[in-house]
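Quick note: the coordinates plus some simple rules give every number you see, no bench work behind them. What you are looking at is a predicted structure, and each value in this text was computed from that prediction instead of being measured. Cβ atoms come from the backbone with ideal geometry, glycine included; neighbour counts cover every protein chain shown.
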Amino acid sequence: MTVGEHARELARPRIHLSPLHGWMNDPNGLVVDASGHLHVFFQYEPDAPAWGRMRWGHAVSTDMLTWQHGPIALEPGAAGSPDHFGCWSGSIVTSEDGTATAFFTGVAGDDGDRMASVCAATSDAGLTIWTKDAEPVIAGPPDGIRRDAFRDPFVWRDGPDWSMLVGAGSDDEQGSILLYRSPDLRAWTYVGPFLTAQDVLGRADLPAADVDSPCWECPQLLRFGDLDLLIVSIVDRAPTVRPAHVVAFVGRMTGDRSSSSTPNDWASGPTSTHPPPPDWPMAATCCSAGSRKTRPRRDRNARGLDR
């Protein structure tokens, strides 16, 4: 090991998952296999310590402390493919027959003219070999949504069918979350907006700057009996430059929408300025952390966790 390699390893987080080299950001799926191994997939750029032509990295653990890196799970396709510019964020679900399916944002074009779609891939039993569908399962955004602001599909079993939330930004630069449904994970029907910035703007307990955004990203829906927690990553409007921040809405999913017909059913928190109610379980998602983590190692047996 060279001096430089030794210094880099000393700076590597001892507890948190980090890439072998390069850049990482959004976690894209946590799957526990039949042997009890936890598989984590994440946005990965192995060629430089900067965001770029994104892949899905893959790491496996039995204790969430020590990690073994697997081969890259998803890589951008050839020129002309729907994911030539990158395999962006998404999620993984496992169907009743044990098949794991990854849904991800396929991005074509370049920095000046991007086109996003929802793509799918299925894995082998070991979750190491992924086979992409020949065509996107959702070819592009619905009318009124920018073609470069349609991303991060989150899929879950919803009764007899499957539901999907997709982050989006409208032609008039308003963030929203869209809802799709499918009977088989392949044929998806657009239902409509699930929650939009317009549904919650004007709330006295929620500053407009926390939700007013040209695009809402990385939606996740967690269900706790009669209450649901919708987590959204908010992209700031130019010229404001700060890391994407997270807003969580506590409320109920009613039919094909959130309780947007009565927006006050949704309470804000946690955000950078609004803590959740003291009796509400904490939840968060990460959409902005890179691999430039330089905190010193901490002994694994220490009681405190290096956050």
Out of every Cα pair in the range 25-128, what percent are spaced more than 22 Å from each other? 31 percent
Peptide ranges 37-46, 130-139 listed from the most packed, as the mean C-beta count within 10 angstrom indicates: 37-46, 130-139
